[in-house]
Amino acid sequence: MSTFLGMPRARTASPSAGWDPEQVGRVVALEDFPHAAPQHLADGQLRANLRHATHTIRDKRLRVVSELPDWEDLREAGSQIKAHAMRNLPELLETFEKNATAAGATVHWARDAREANEIIRGVILAEGVEEVIKVKSMATQEIGLNEYLEEHGISAVETDLAELIVQLDDDLPSHILVPAIHKNRDQIRDIFLREMPSAPKALSNSPAELAAAARAHLRRKFLSTKVAVSGANFALAESGTLGVVESEGNGRMCLTLPETLISLVGIEKVLHDVEDLHAMLQLLPRSSTGERMNPYTSMWTGVTPGDGPQNVHIVLLDNGRTRALADEHGRSALHCIRCSACMNVCPVYERTGGHAYGSTYPGPIGAILSPLLTGENVAENDSLPFASTLCGACYDACPVKINIPDILVHLRGRSEEGKGLREHATQLDAGLAAASWLFADGRRFAAAQKGIGLARVAASVLPGSGGSISKLPGVAGKWTSSRDIPQPPRHSFRQDFAAGRSPYGRGRGSGTTTGGSAAAKQGEAQ
């Protein structure tokens, strides 16, 4: 029997499904970031939509977070809870399987996307249906479940409003929490009129009317569909319980009305017990939607006779997570609770949107999680660790204190090591090598600063205005293509300090300071 996370693989998985390394961490790939980002930067409507949405969400988050005097203590608790779960992951998963099975659920283990898709399809076929309804789930997007089912004649209907909008427009989500964040109300109305036969012909762009049209469309699906597919925000090992938090009620409908419920759960979602959940249910809603609590928090444990789905399946998904867990520096990325707070404060995401990342998981968390799941040298993910300014705003916003900038630097280093030495050194290689030699010795650095006057003379002939440079040659042109830089000062700090011209005080042994009259200087000396 093959193993999974060091333990026996459950017999409920397809016996013919061998492990395919090519399927580990497989996502629906778009263009890589360097090629996709310029296209999205040029879309003015997209940037306006993103700026409005991200600023609205993060402003709400700041208000509700500021109400809690112990917010930083809660963040630390959340970080420790997730770290403990990752340290004890095999034991917690075995306990979860035991308790969920005892409660009437069937637990499957899937090592990659292919196994997970085959397991879910097998359960659906056993029920004899060709349509399922879905709760919003990043894990199902990660494995490309909708596309896989469509290839096999099964329709998967998204019931989350934003996911429905994206699905009707034959588009892909661009945000973890708000999949249609890149669309405005006018665009959504046009999608509904074009793709939703039941939509009123006089439909306006009013949010209330748009929601009502979606509700009428989905209600028929809720009442007639026998099988539902969900993800899970949390899995409690102590009781075998799964939990979903959401804002619209569609999740509650999917979790209670169908006869069969299939839940795809990443193995990193497991927690020890309900005490761990207390902290998470304070952190998640505030960080995600800027709410004090979720409108709908649904918990279910196996099968309850006569109440809810009577055929419950749970698919525990690895798909590269053990790869990430083995990375000492990157494993904390698995602490992510999918709140999207990092995306809403990221200057790169705000300007490019999620599609530019070419991955299921966009934004700062996607820039580390996707490479960790697949390996940083996979073509569609190898540029993601570089899609960041390293400003640190994501770390400050993360409710479980994932140090995203540190992991980005770690992955950048590994990516460059994996590429080996270039056959021909680039201008950047040469420049960095020269800078390394120069900055390694204080005397060399001081000597170089004496040439600052020459640098200023050279800068004076470069294009620019108002004491700035707008165009530099060679590789430096990539910097000035999107920003101006100030011209070098007339003197270096060392020269100013030695001459007593430093704004921070007198040079050592000097009796003069910057500016002011002789009397002022004399008085200051006293």
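The values are calculated or read from the model by the stated rules, or taken from the named source; none is laboratory data. Just so you know, these numbers come straight off a predicted model, no measurement behind them. Here the Cβ is made from the backbone with ideal geometry for all residues, glycine too, and neighbour counts use every protein chain on show.
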Somewhere in region 485-499, is a residue at pLDDT below 75 and among the β-branched types (Val, Ile, Thr)? no
When you scan region 340-355, how many residues do you find that are assigned to a loop (DSSP other than H, G, I, E, B) and modelled with pLDDT under 95? 2
Being surrounded by fewer than 22 Cβ atoms within 10 Å (Cβ to Cβ), more than 28 Å from residue 340 (Cβ to Cβ) and of a type outside the set (Val, Ile, Thr): is that true of residue 150 here? no
When both residues are 6+ apart or on different chains and their Cβ atoms are under 9 Å apart, which pairs have a first residue that lies in region 158-173 and is in contact (Cβ under 8 Å) with a residue 40 or more places away in the chain and crowded, with 24+ Cβ neighbours inside 10 Å, and a second that is of a type in the set (Val, Ile, Thr) and assigned to a helix (DSSP H, G or I)? 173/166
Counting only helices (runs of 4 or more DSSP H) entirely within region 195-308, those with at least 3 residues that are without any contact (Cβ under 8 Å) to a residue 24 or more places away in the chain are 207-224
Within region 197-211, how many residues turn out to be of a type in the set (A, V, I, L, M), farther than 30 Å from residue 233 by Cα and either under 31 Å from the mean Cα position of the chain (by Cα) or loosely packed, with under 15 Cβ neighbours inside 10 Å (or both)? 1
Would a scan of region 167-182 turn up a residue that is in a helix (DSSP H, G or I), at pLDDT below 95, under 24 Å from the mean Cα position of the chain (by Cα) and of a type in the set (Gly, Ala, Ser)? no
Please list, ordered by first then second residue, the pairs with beta carbon atoms under 7 Å, 6 or more apart or interchain, first in region 41-64 and touching a residue at least 40 places away in the same chain (Cβ under 8 Å), second basic (Lys, Arg). 41/351; 47/351; 49/183; 61/286; 64/286; 64/292
Among the helices (runs of 4 or more DSSP H) contained in region 87-142, which hold 3 or more residues that are farther than 28 Å from residue 167 by Cα and within 23 Å of the chain's Cα centre (by Cα)? none
In region 43-83, how many residues are assigned to a loop (DSSP other than H, G, I, E, B) and either of a type in the set (Phe, Trp, Tyr) or under 30 Å from residue 273 (Cα atoms) (or both)? 5
Across (1) charged (D, E, K, R); (2) over 25 Å from residue 121 (Cβ atoms); (3) not in a helix (DSSP H, G or I), residue 190 clears everything bar (3)
Looking only at region 234-275, and only at residues there that are of a type in the set (Asp, Glu) and within 26 Å of residue 115 (Cβ to Cβ), the one that is surrounded by the fewest Cβ atoms within 10 Å (Cβ to Cβ): 259
Taking the condition surrounded by fewer than 24 Cβ atoms within 10 Å (Cβ to Cβ), in contact with a strand residue (DSSP E or B) (Cβ under 6 Å, 6 or more places away or on another chain) and modelled with pLDDT of 95 or more, does residue 322 pass? no
Which residue, of 26, 11, 111, is surrounded by 18 or more Cβ atoms within 10 Å (Cβ to Cβ), under 30 Å from residue 315 (Cα atoms) and at pLDDT below 95? 26
The conditions are (1) modelled with pLDDT under 95; (2) touching a helix residue (DSSP H, G or I) at 6+ places or on another chain (Cβ under 8 Å), and residue 268 fails exactly one of them. Which is it? (1)
